[in-house]
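Taking it in order: structure first as structure tokens, then the write-up.
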Amino acid sequence: MLPVLVVFVSYLLGSIPFGLLIGLGWKKTDVRQHGSKNIGAANVTRTLGKTAGGLTLLLDASKGAAGVVLARILDLPSEIQALA
């Protein structure tokens, strides 16, 4: 049951659109309406500046690593770690 929970939590973390949240919450700008219309760090940087883009990159990388770190902390099999 625990491996399924880790995969589910990892999926939920991965679905957080930090570029969109930073744009709307901090700069009151929907980055999907500007540049490449993508919510990634490159478009956030072009649209909102280096600080917002760097924060987006950091948060996106962190959410990617969080599932793997969680699986390793819980000492789950490597097959589950690859899914997280």
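The values are calculated or read from the model by the stated rules, or taken from the named source; none is laboratory data. Because the structure is predicted, anything quoted here is derived from the model rather than measured. So basically every Cβ, Gly included, is an ideal-geometry build from the backbone, and we count neighbours across all protein chains shown. Remember, those area values only see protein heavy atoms, side chains included, never the ligands or the DNA or RNA. Shrake-Rupley method; radii C 1.70, N 1.55, O 1.52, S 1.80 Å.
Here are the numbers for the structure shown:
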{"quantity": "Sorted peptide list for 12-18, 52-58, criterion being average Cβ within 10 angstrom, highest first", "calculated": "52-58, 12-18"}
{"quantity": "Per residue value of the accessible surface for the chain (all protein chains in place, 1.4 Å probe), Å²", "calculated": "64 Å²"}
{"quantity": "Test item: Cα-centred dipole of the chain, Lys/Arg +1 and Asp/Glu -1 on Cβ, debye", "calculated": "500 debye"}
{"quantity": "Extended-chain gain in nm, criterion 0.36 nm per residue less alpha-carbon gap, Leu74 and Asp30", "calculated": "12.1 nm"}
{"quantity": "Cα-based shape type of the chain, given that a ≥ b ≥ c are square roots of the gyration tensor eigenvalues and the cut on a/c is 1.5", "calculated": "prolate"}
{"quantity": "Of all accessible heavy-atom area on the chain, the percent that carbon and sulfur account for (1.4 Å)", "calculated": "67 percent"}
{"quantity": "Order by protection proxy (mean Cβ within 10 Å, highest first), peptides 41-49, 22-30", "calculated": "41-49, 22-30"}
{"quantity": "Inter-label distance, nm, simple model (7 Å from Cα along the C-beta direction), Leu2/Ser62", "calculated": "2.6 nm"}
{"quantity": "Top positive-direction residue, dipole computed over the chain with Cβ charges, set Pro3, Ile39, Thr29", "calculated": "Thr29"}
{"quantity": "Residues in region 24-47 reached by a label modelled at Tyr11 [backbone nitrogen below 13 Å; 7 Å Cα→Cβ]", "calculated": "none"}
{"quantity": "The chain, helix-only ellipticity at 222 nm - DSSP H runs n ≥ 4, -39,500 (n - 2.57), divided by all residues, nearest 500", "calculated": "-22000 deg cm²/dmol"}
